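Attaching a single structure in structure tokens format; questions to follow.
The values are calculated or read from the model by the stated rules, or taken from the named source; none is laboratory data. Here the structure is a predicted model, which means the values were calculated and not measured. Cβ placement follows ideal geometry from the backbone for every residue including glycine, while neighbour counts extend to all protein chains displayed.
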Amino acid sequence: MQIYGQMALTGKVQGELLTPAQPNEWGILVLGGSSGRVDIQRASLFANMGLIALALRWFGGSNQTPGICEVPLETFVDGIDELQREGCQRIAIIGTSKGAEAALLIATLDDRVQAVFAIGPSSVVWGNIGPDLMEFLGRSDHRGPGRANHFHLCLPTHPGKKNTRKDLLPTGGFSNTASDSLPLLSQ
């Protein structure tokens, strides 16, 4: 049973804002992964618990990057600002996959974030995985004000031919062969 209101946001902040009938002091920014899906279903779980939830569209929308390539970190900060305008005194972020990567990154940069739920994050910030991957190879997923963030680069495994995503090999000793797999953390 839905016990919250839902409003589409189409301006600077894009996504769906879910406001419970009796909100508590918490707001949560809900970030989908590389599919670009606005995660309204996950946001509704939090709204039904009394949190104001913003399912944020952080790429692929109007006046946004078409894929996960140099997404401005201000996109997430603007989402947090929106939650505060709605009266939220405490802020959490939940993200899945690439959204989890973004959630962890933002939490290190914005001290208003008091809790992070990272579902399936990467251990590093990767380079571009958006459309036209090969054209923008060597560019970060995210960028701060006026600069790109540091990131882990993937290189083509077959230089000189048109590569696809499966032909990309992360740098730094990773390989797509079992004999070159990473050591266990306990070793």
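Results for (1) modelled with pLDDT of 95 or more; (2) touching a Leu at 6+ places or on another chain (Cβ under 7 Å), shown as yes or no for each residue.
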position	(1), (2)
73	no, yes
88	yes, no
102	no, yes
117	yes, no
131	no, no
149	no, no
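Another one. Within the stretch 69-107, how many residues turn out to be in a strand (DSSP E or B), farther than 17 Å from residue 23 by Cβ and of a type outside the set (A, V, I, L, M)?
The number of residues fulfilling the criteria is 3.
Still on this model: Of (1) under 14 Å from the mean Cα position of the chain (by Cα); (2) under 20 Å from residue 12 (Cα atoms); (3) in contact (Cβ under 8 Å) with a residue 24 or more places away in the chain, residue 94 satisfies all except one. Which?
Among (1) under 14 Å from the mean Cα position of the chain (by Cα); (2) under 20 Å from residue 12 (Cα atoms); (3) in contact (Cβ under 8 Å) with a residue 24 or more places away in the chain, the lone unmet condition for residue 94 is (2).
Another question, if that's okay. Which one is nearest to residue 94 (Cα to Cα) among residues in the stretch 14-36 that are surrounded by 19 or more Cβ atoms within 10 Å (Cβ to Cβ) and β-branched (Val, Ile, Thr)?
By that ranking, first place goes to 30.
Take the residues of the stretch 1-13 that are of a type outside the set (A, V, I, L, M, F, W, C) and surrounded by fewer than 19 Cβ atoms within 10 Å (Cβ to Cβ): which is nearest to residue 75 (Cα to Cα)? Give the derivation first.
Start the filter on the stretch 1-13 by keeping residues that are of a type outside the set (A, V, I, L, M, F, W, C), which leaves 2, 4-6, 10-12.
Now restrict to residues that are surrounded by fewer than 19 Cβ atoms within 10 Å (Cβ to Cβ): 2, 5-6, 10-12.
Numbers: 2: 28, 5: 23, 6: 20, 10: 13, 11: 11, 12: 8 Å.
Among residues in the stretch 1-13 that are of a type outside the set (A, V, I, L, M, F, W, C) and surrounded by fewer than 19 Cβ atoms within 10 Å (Cβ to Cβ), the one nearest to residue 75 (Cα to Cα) is 12.
Hey, another quick one. Between residues in the stretch 11-22 that are within 14 Å of residue 58 (Cα to Cα) and residues that are assigned to a strand (DSSP E or B) and among the aromatic types (Phe, Trp, Tyr), which pairs lie under 8 Å by C-beta distance while being six or more apart or on different chains?
none
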